[in-house]
Amino acid sequence: MWNSLRNLSLHRQVLALAIPMVLSNITIPLLGLIDAAVIGHLEHAWYLGGVAVGGTMISVTFWLLGFLRMATTGLTAQAYGAENKNALSQTFSQGIFLALCFSFILLLFHQPLSQIIFSFSDASVEVKHYAEQYFSIRIWSAPAALSNLVIMGWLLGTQNARYPMWLVIITNSINIILDLLFVVGFHWKVEGAALASVIADYSSLVIGLWFVLKQSNKLVLPSFIMSLSDLLSGFKRLLNLNRDIFLRSLCLQACFTFMTFQGASLGVDIVAANAVLMSFLMMISYGMDGFAYAMEAMVGKAIGAKSRTQLADSLIGTTFWSLVISSLLSLVFGVFGYQLIAMISSIEDVQKTALIYLPWLIAMPLVSMWCFLLDGIFVGATKGSEMRNSMFIAMITFFSVWWLMQDNGNHALWAAMISFMAMRGLSLAVTFYYQWKKAIFLS
């Protein structure tokens, strides 16, 4: 291990993949923070609550299909490590095909889907109204948003982190500019924030396809236009992997959705304060995901090359830098927590409420980093069933902790969330240790 930590080329490799993704990923929650900041300075808290609930529902809908990126990254990285160019083309084509199929289904059934989702919410009439308004506009970005997941996964799998970085940064910059123009300039409020995101998603699709074309030319790949038989070849493996990651995502989103809706039932100030803190939690998640993405790409490549040494180096290098980053994040939230909250909302009651629950957020980076890293390992190894089982255990832990502590109100929700993150990491660590010792992880 110490030899690996002294290996400067390993650190350069990890940082070359991770830093671009950390920088680009941070712009994603930054976009959420801009949304919250712009809406949070309007005259009523229910605008912020509406965007929080509506945005969460869009995230739930799209994140449930996040397996499109994860499966694409793992399969692409393995094909890249094995130097199988036909498999690289096939993975991209199959991913885009699935993304468009799911988009068609979402657009066809988005109205009844919206009614079902919001029927479970105990939010106030005003919050629910603006949440439904936000959702009904954002859903039209589905074809672009889901295709972008595949594009991101494919680029990462080919060990290219620079293109995804610029893709996310440019797209979110467009979104932020339009956010300010539509909400502050045109006074379109919630509708303006939603429309800005839709336009940004389609801008991202155009830029992403251009990046894929540049990368495919560099790799001298066969044509991405494939026959039906080529497209369907190996589809069963992709579908099985996507099924397991979908079930994993379903458990994940069940916990985040419950936290949003249960918080909404505790009052407008609680849901608004949680919206602010959850924006910071998303910043932690996306920042740590940068190292998880690096882990996915490096582990997938090592497995494709059947190299146990490459795999071990990947684990050591990414774990070291994840510890550094998570410690810095906890320090930032501990020292500058009040100032960060005040930047998001100028409503005094929301600020005071958020400060009460800030300690949970300070502890979150160091607790949650393990689940992000281990997710990256299992995504790169395309071991979907292990990820599914781990998330199921973590979900049971989440609801058990909340049920036992529910008399403590919002503290119960945050205790459940931090327990959820801890159990995700612990259960995957036990599984990985067993498979590594039995020498079956590379099989």
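The values are calculated or read from the model by the stated rules, or taken from the named source; none is laboratory data. Since this is a predicted model, take the numbers as computed values, not measurements. Glycine also receives a Cβ, built like all others from the backbone with ideal geometry; neighbour counts cover every protein chain displayed. When the accessible area is computed, the model is the full protein with side chains, heavy atoms only, and any ligands, DNA or RNA have been set aside. Shrake-Rupley method; radii C 1.70, N 1.55, O 1.52, S 1.80 Å.
Tabulated results
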read-out	value
Single residue of the stretch 78-90 satisfying the filter (hydrophobic (A, V, I, L, M, F, W, C) and surrounded by fewer than 19 Cβ atoms within 10 Å (Cβ to Cβ)) that is nearest to the chain's Cα centre (by Cα)	A87
Test set (1) of a type outside the set (V, I, T); (2) in a helix (DSSP H, G or I); (3) modelled with pLDDT of 85 or more - N160 fails condition number	(2)
Selection within the stretch 246-256 - farther than 13 Å from W414 by Cα, modelled with pLDDT of 80 or more and not aromatic (F, W, Y)	L247, R248, S249, L250, C251, L252, A254
Residues being open to solvent by 60 Å² or more (accessible area, probe 1.4 Å) and assigned to a helix (DSSP H, G or I) - total across the stretch 343-352	4
Residues located in the stretch 162-172, provided they are crowded, with 21+ Cβ neighbours inside 10 Å and free of Cβ contacts under 8 Å to residues at least 40 places away in the same chain	T171
Test: residue in the stretch 366-381 that is of a type outside the set (G, A, S) and at positive phi	no
Identity of the residue in the stretch 262-273, of a type outside the set (G, A, S) and out of contact with any Ser or Thr (no Cβ under 7 Å at 6 or more places or on another chain), that ends up surrounded by the most Cβ atoms within 10 Å (Cβ to Cβ)	V271
Members of the stretch 54-77 found to be surrounded by 24 or more Cβ atoms within 10 Å (Cβ to Cβ) and either closer than 26 Å to M295 by Cβ or not assigned by the TED database to the domain that holds I151 (or both), listed by number	F67, L68, R69, M70, A71, T72, T73, G74, L75, T76, A77
Options M288, M278, M259, M282; residue that is over 20 Å from I58 (Cα atoms) and either open to solvent by less than 10 Å² (accessible area, probe 1.4 Å) or assigned to a helix (DSSP H, G or I) (or both)	M288
Any hit, the stretch 122-136, residues being in the same structural domain as L75 (by the TED database), touching a Ser or Thr at 6+ places or on another chain (Cβ under 9 Å), charged (D, E, K, R) and closer than 16 Å to I58 by Cβ	yes
Those residues of the stretch 202-211 which are surrounded by fewer than 23 Cβ atoms within 10 Å (Cβ to Cβ) and not aliphatic (A, V, I, L, M), in sequence order	Y202, S203, W210, F211
Search result, residues across the stretch 181-200 that are under 24 Å from the mean Cα position of the chain (by Cα) and among the hydrophobic types (A, V, I, L, M, F, W, C)	V190, A193, A194, L195, A196, V198, I199, A200
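Here is a yes/no grid of residues against (1) surrounded by fewer than 23 Cβ atoms within 10 Å (Cβ to Cβ); (2) among the aliphatic types (A, V, I, L, M):
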| position | (1), (2) |
| --- | --- |
| M152 | no, yes |
| G157 | no, no |
| N160 | yes, no |
| I174 | yes, yes |
| I177 | yes, yes |
| L180 | yes, yes |
| V183 | no, yes |
| H187 | yes, no |
| V190 | no, yes |
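Per-residue answers, yes or no, for (1) assigned by the TED database to the domain that holds Y293; (2) in contact with a Lys or Arg (Cβ under 8 Å, 6 or more places away or on another chain); (3) at pLDDT below 90; (4) open to solvent by less than 10 Å² (accessible area, probe 1.4 Å):
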| site | (1), (2), (3), (4) |
| --- | --- |
| A354 | yes, no, yes, yes |
| Y357 | yes, no, yes, no |
| D375 | yes, yes, yes, no |
| S400 | yes, no, no, no |
| W403 | yes, no, no, no |
| A422 | yes, no, no, no |
